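Only the coordinates and a few stated rules stand behind these numbers; no lab work does. Owing to the predicted nature of the structure, the values given are computational and were not obtained by experimental measurement. For neighbour counting, all protein chains shown are included, and Cβ atoms are generated from backbone atoms with ideal geometry for every residue, glycine included.
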C-alpha cells in the first residue's frame, strides 16, 4: 500500500532543515506504530519519499511526502494516528492511496507558489507587479549548484498576483522548480529586491503550494 500525504508545516518550524524534517517524519511513523515498509539490504530504511525541499526560513501550507506501507490500513486511521503524534506545527491536510508505479514527487512537481506579506509603503505593488512581469529578463548570479553563473529567472516566473488588505498586501508568485530551470526562493527574493521591493517591508513569507504545471493549468499532486 502506497500513500501520498499533503501536510502543513507551521511557522514555528520555519528553521527546520530538510534532514531534520525527514527525521521528524520517521520518528512520527514509529511513534504512531505505522506498519511502514523497509528497503532491502544491509542498511534498511523506511520507504519514505519527501517532496521538494522546503527552504530553511520558510513554512509551508501544502507540502508532500509518499510512504509505502507493509500492510494495508485505513487512510482515516493513518491520518488520525499521525496527527496524534506530530508536533502541533505539523498537520496532515489530506491523504490518498496511489499506485505503486506512480512517479516520485520530485519527478512530477515542477512549480511552486510563495506568498509574501508586504507592509504598505510608498511602493505601489500593482505597478511594481506590472513592471516586474513586463521585463524580458531577470538576470542574477546563481545560488544553486552552478554558483556565480548568470541565471535568467524570467522564463521560470509564471504568474504574480496582488491582494490588497487593510494593514498589508499579499503578493503571490508562481515559479518553476526542478529541471530545466529551478527558481530558488533566495534567488527570487534577491530579484524582487533588485527591482525595487524593500526587503524590510516583507513581514512574512511562506510556500503556499507545490504543483504539477501542465500548460497554463496547475494541479496539486493529490488532484492530478
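Summary table
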| item | result |
| --- | --- |
| Alpha-carbon centroids, segment 86-109 and segment 177-224: separation in whole Å | 20 |
| Potential extension, residue 93-residue 12 segment - 0.36 nm per residue separation minus Cα distance | 27.4 nm |
| Kirkwood Rh in Å, taken over all unlike Cα pairs in segment 108-176 | 13.6 |
| Estimated distance in nm for a label pair at residue 23 and residue 106, the labels positioned 7 Å out from Cα along Cα-to-Cβ | 2.0 |
| Where only C-alpha atoms are counted, convex hull volume of segment 61-151 per residue in Å³ | 216 |
| Quotient of Cα Rg and 2.2 N^0.38 Å for segment 102-224, N being how many residues it contains | 1.08 |
| Spacing of the two label points (7 Å from each Cα toward its C-beta) at residue 76 and residue 179, in nm | 4.3 |
| Rg in Å to one decimal, and Dmax rounded to a whole Å, for segment 2-103 via C-alpha atoms | 13.2, 38 |
| Gain in span if fully extended, residue 48 to residue 130, counting 0.36 nm per residue against the direct Cα distance | 25.4 nm |
| Sequence of 78, 158 once ranked by neighbouring C-beta atoms within 10 Å, starting from the fewest | 158, 78 |
| Sorted by Cβ neighbour density within 10 Å, fewest at the top, the residues 45, 166 | 166, 45 |
| The chain: relative contact order in percent, alpha carbon pairs under 8 Å with at least 6 residues between | 25 |
| Burial ordering of 165, 95, fewest other beta-carbon atoms within 10 Å first | 165, 95 |
| Computed lengthening from residue 117 to residue 143, 0.36 nm per intervening residue step minus Cα-Cα distance | 7.0 nm |
| Efficiency of FRET between residue 217 and residue 37 - r from beta-carbon atoms, R0 41 angstrom, step 0.05 | 0.80 |
| All-pairs alpha carbon distance profile, the chain, 5 Å steps from 0, percent | 1, 6, 13, 17, 17, 15, 12, 8, 6, 3, 1, 0, 0 |
| Estimated [θ] at 222 nm from DSSP helical runs (n ≥ 4, -39500 (n - 2.57)) normalised by residues in the chain, nearest 500 | -6500 deg cm²/dmol |
| Considering only the chain, percent of DSSP beta bridges that pair antiparallel, nearest 5 | 95 |
